[in-house]
Amino acid sequence: MPELELDRVQKNYKNKIAVENFSMTLDNGIYGLLGANGAGKTTLLRMICNILRPTAGTIRCNGTEIEVMGREYRRLLGYLPQEFGYYPYMTAEKYLRYLAELKAVPAELADAKIQELLEMVQLSSEKNQKIGTFSGGMIRRLGIAQAMLNDPKLLILDEPTAGLDPKERIRFRNIISAFSRDRIVILSTHIVSDVEYIADEILLMRKGKLIEKGTTEQITAGVKGRVWECLVDVGEVEMLNQKYAVSNLKNQGEQVMLRIVSDQKPTEGAVLTEPNLEDVYLHYFEEASGK
């Protein structure tokens, strides 16, 4: 069972700090890395995958720095970047076979593993089609399969459900949940529902820093007493939307039910309600002026 330790990891680009003093230890389980675009999530993941070197700090796997481990670390690793490379003239099956060789998957195991993964991501019937004919969602599913080819103990997924429809996203979450036993899975996303029900721990990242971590229950407890529901007239909606962070809006006849994240009671008739992870996300990452 792997243990991954990030010790004061930092990445600078000239005058910009992309990741700042990031420290934590991860063991088996699913970690949902949440943050707005530009929060530093991808840079952090690329350092964990040893694609980028930290400007400062160290990353260790089972007590050994990952740079020292070399091929041994790569054997533990599965990675799906936001944009992954593929050959459009290859069929899906040949592409996975090619990558299995690159990842040193034993030949006697590769074929069965490839067929299993094609079935898992529902591409078995298209395995002999050229990847260049695939839709964006099909390519994403193929990317998920290639990340799992070597049965990794450390699986890194950067925006894995981009381009997937709701049914495919649910199937993906179920796959990852079943796969995560005795493994570390880091799933970076800005789609809260991707991690709300399957992550063992949520990591909130803003402007390169880890600002909060904990279970979904622990994280949502941090905004308890700040989530309100209120039924208002249609004419009030725009004003409230400008002034507060509105996480949900639902028309109810001539009125509108608003769900608002605010330290103060937004309207006279507003009542407190139980927070969810989407409310937490809005609380930490809403950047609109005056909210």
Check your understanding: Is it true that some residue in region 114-123 is over 20 Å from Ala162 (Cβ atoms) and touching a strand residue (DSSP E or B) at 6+ places or on another chain (Cβ under 9 Å)?
Key -> no
Check your understanding: Any idea which of Val223, Val195 is surrounded by 17 or more Cβ atoms within 10 Å (Cβ to Cβ) and not in a loop (DSSP other than H, G, I, E, B)?
Key -> Val195
Practice item. Might you let me know whether region 57-78 holds any residue that is out of contact with any Lys or Arg (no Cβ under 6 Å at 6 or more places or on another chain), within 21 Å of Lys16 (Cβ to Cβ), without any contact (Cβ under 8 Å) to a residue 60 or more places away in the chain and loosely packed, with under 15 Cβ neighbours inside 10 Å? Key: no
Review point. Are there any helices (runs of 4 or more DSSP H) wholly within region 22-96 with 2 or more residues that are within 15 Å of the chain's Cα centre (by Cα), closer than 22 Å to Lys153 by Cα and among the basic types (Lys, Arg), and if so which?
Key: 41-48
Point to revise | Test for Glu236: is it in contact (Cβ under 8 Å) with a residue 40 or more places away in the chain and surrounded by 11 or more Cβ atoms within 10 Å (Cβ to Cβ) | key: no
Exercise for review: Within region 135-145, identify whether any single residue is over 23 Å from Arg71 (Cβ atoms) and exposed (fewer than 15 other Cβ atoms within 10 Å of the Cβ), and answer yes or no.
Suggested key: yes
Review point. Looking only at region 107-134, which residues are of a type in the set (A, V, I, L, M) and open to solvent by 20 Å² or more (accessible area, probe 1.4 Å)?
Key: Ala107, Leu109, Ala112, Met120
Practice item. Take region 198-207 and flag every residue that is in a loop (DSSP other than H, G, I, E, B) and surrounded by fewer than 23 Cβ atoms within 10 Å (Cβ to Cβ). Key: Ile198, Asp200, Lys207
Practice item. Please state which of the following conditions Ile260 fails to meet, knowing it meets all the rest: (1) surrounded by fewer than 17 Cβ atoms within 10 Å (Cβ to Cβ); (2) over 27 Å from Pro81 (Cα atoms); (3) of a type outside the set (Lys, Arg). Key: (1)
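The values are calculated or read from the model by the stated rules, or taken from the named source; none is laboratory data. It should be emphasised that the depicted structure is a prediction, and the values quoted were computed from it without experimental measurement. Every residue, glycine as well, gets a Cβ built from its backbone with ideal geometry; the counts of neighbours run over all protein chains shown. The area values use the complete protein model at the heavy-atom level, side chains included, leaving out ligands, DNA and RNA. Shrake-Rupley method; radii C 1.70, N 1.55, O 1.52, S 1.80 Å.
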